[in-house]
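Colleague: I'd like to ask you about the structure that follows.
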Amino acid sequence: MNPAIAQSTLTEQICAAIRSVVGSGPVPLHEPRFAGNEWVYLKECLDSSYVSSVGKFVDRFEADLAAFTGAKHVVAVVNGTAALQVALGLAGVQRQDEVLIPALTFVATANAVVYCGAIPHFVDSEERTLGLDPHVLRDYLRSSTDIRGGQCINRQSGRVIRALVPMHTFGHPVDIEGVLGVARDFHLNLVEDAAESLGSTIQGRHTGTFGLMGTLSFNGNKTITTGGGGALLTGNSELARHAKHLTTTAKVPHRWEYVHDEIGYNYRLPNINAALGCAQLEQLSGLLEAKRRIFGSYQTAFARVPHVHMVEEPYGCRSNYWLQTLLLDESVEGQRDAVLTATNDQGLMTRPAWTLLHRLTAYRTCPKMALPVAESLERRLINLPSSAHLGAEQSRPS
Ligand SMILES: *Cc1c(COP(=O)(O)O)cnc(C)c1O
């Protein structure tokens with residue numbers, strides 16, 4: 001067979017499969033939709049003049065998130081990166097510590113580690129979940145660290161490896177049971193980066209509630225948005241109290257005195273953003289159903305295309321299907337760029353995986369294990385248009 005013909009055929013088949021799901025015209029990767037009480041609640045903020053750091057929507061958003069996720073405590077903050085930074089600090093991450101994070105994640109995970117003065121240490125992923133692989137991590141830590149005085153010491157750098165941060169990639173839950181075992185056996189504090197996985201559960205339990213703390217993001221491209229925003233989840237009331245204190249400038253409550261008892265941050269979520277969040281959260285279950293339907297449509301469409309498959313939620317888990325993910329077989333991975341070019345040329349916004357973090361200039365010298373699976377995924381992964389309203393619009397008569 002002529003390889004040039006084969007290539008154009010696969011690319012064309014992929015474009016056609018995407019079109020059959022999303023319809024005609026330009027289609028973004030992920031767009032928010034404001035179809036509920038957003039205008040009502042925003043108007044309430046403006047009419048009451050409570051737009052900033054005080055107001056009832058912040059409390060309500062935290063309570064609604066706690067109810068939805070089952071987390072005992074929720075602290076709303078300005079964005080997901082800030083949530084991670086504060087969570088890591090509260091997990092005891094100090095200057096010159098190392099923190100284990102996947103190489104295949106958004107750059108914010110590593111940035112938050114550096115904001116604490118610590119050093120990211122990159123871990124490989126598994127293809128089944130796209131998340132951190134606890135089995136290879138266990139073998140790696142066994143051969144490269146010592147446990148001394150209840151701390152995990154990197155034999156090569158001499159530094160303490162303080163924490164482990166799994167990330168639920170594109171909404172697919174990580175193998176949390178394996179991760180919890182590694183954290184326990186190697187004395188690592190577990191902070192879950194659940195920025196992408198609002199609505200994703202493992203055996204019915206919400207992602208972000210398994211570790212010491214978990215963090216969410218409500219950036220404009222996430223499943224629900226507050227414009228910008230994030231949250232910290234924890235079952236520990238002392239950590240929750242401290243997180244709230246730290247993110248509100250560490251001000252000691254008083255009728256007029258300005259006393260701040262440590263160096264805090266101005267990381268509180270403004271009321272106007274929380275208002276948006278309350279309205280979005282009311283629509284979350286519908287959004288999750290729509291995204292699951294879109295996954296089903298893509299899976300049907302791609303069943304007929306050879307050498308590719310859709311990433312499906314891991315066994316025993318429910319994924320929020322935040323970003324739909326197509327994986328090319330190794331035999332056709334060389335065609336990834338042709339697929340990206342062809343789809344984007346015709347207005348279908350597709351994206352490759354993030355550049356693996358150990359390749360970014362700032363992180364090139366950080367410690368890492370062998371990363372063969374993350375590197376393979378990076379070569380083969382394509383995110384497809386994933387907005388929740390795609391499915392609905394397609395089925396609407398035009
Ligand atoms: C979006 C995201 C974040 C950061 O959230 P922001 O609200 O944009 O700061 C962190 N980690 C991952 C994996 C993300 O996808």
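The values are calculated or read from the model by the stated rules, or taken from the named source; none is laboratory data. Note that the coordinates shown come from a computational prediction; the quantities given were computed from them, not determined experimentally. Positions of Cβ are backbone-derived with ideal geometry, glycine not excepted, and every protein chain shown enters the neighbour counts. Accessible surface areas use protein heavy atoms only, side chains included; no ligands, DNA or RNA. Shrake-Rupley method; radii C 1.70, N 1.55, O 1.52, S 1.80 Å.
Colleague: Does at least one position in the stretch 234-241 carry a residue that is in contact with a strand residue (DSSP E or B) (Cβ under 6 Å, 6 or more places away or on another chain), of a type in the set (Gly, Ala, Ser) and not in a helix (DSSP H, G or I)?
Modeller: So far as the stretch 234-241 goes, no, none of its residues is in contact with a strand residue (DSSP E or B) (Cβ under 6 Å, 6 or more places away or on another chain), of a type in the set (Gly, Ala, Ser) and not in a helix (DSSP H, G or I).
Colleague: Which members of the stretch 73-113 meet the condition of being within 15 Å of the ligand (Cβ to nearest atom), over 16 Å from GLU192 (Cβ atoms) and in a loop (DSSP other than H, G, I, E, B)?
Modeller: Passing the criteria: VAL78, ASN79, ALA103.
Colleague: Here's a follow-up. Which one of these does CYS116 not meet: (1) under 30 Å from MET310 (Cα atoms); (2) within 15 Å of the ligand (Cβ to nearest atom); (3) open to solvent by 10 Å² or more (accessible area, probe 1.4 Å)?
Modeller: (1)
Colleague: Out of all the residues in the stretch 287-306, which are more than 20 Å from the chain's Cα centre (by Cα) and not hydroxyl-bearing (Ser, Thr, Tyr)?
Modeller: Taking the stretch 287-306 as the starting set, the residues that turn out to be more than 20 Å from the chain's Cα centre (by Cα) are 293, 296-306.
ARG293, GLY296, GLN299, ALA301, PHE302, ALA303, ARG304, VAL305, PRO306, listed by residue number.
Colleague: Please find, among GLU126, GLU44, GLU62, GLU98, the residue that is of a type in the set (Asp, Glu), in contact (Cβ under 8 Å) with a residue 60 or more places away in the chain and open to solvent by less than 10 Å² (accessible area, probe 1.4 Å).
Modeller: GLU98
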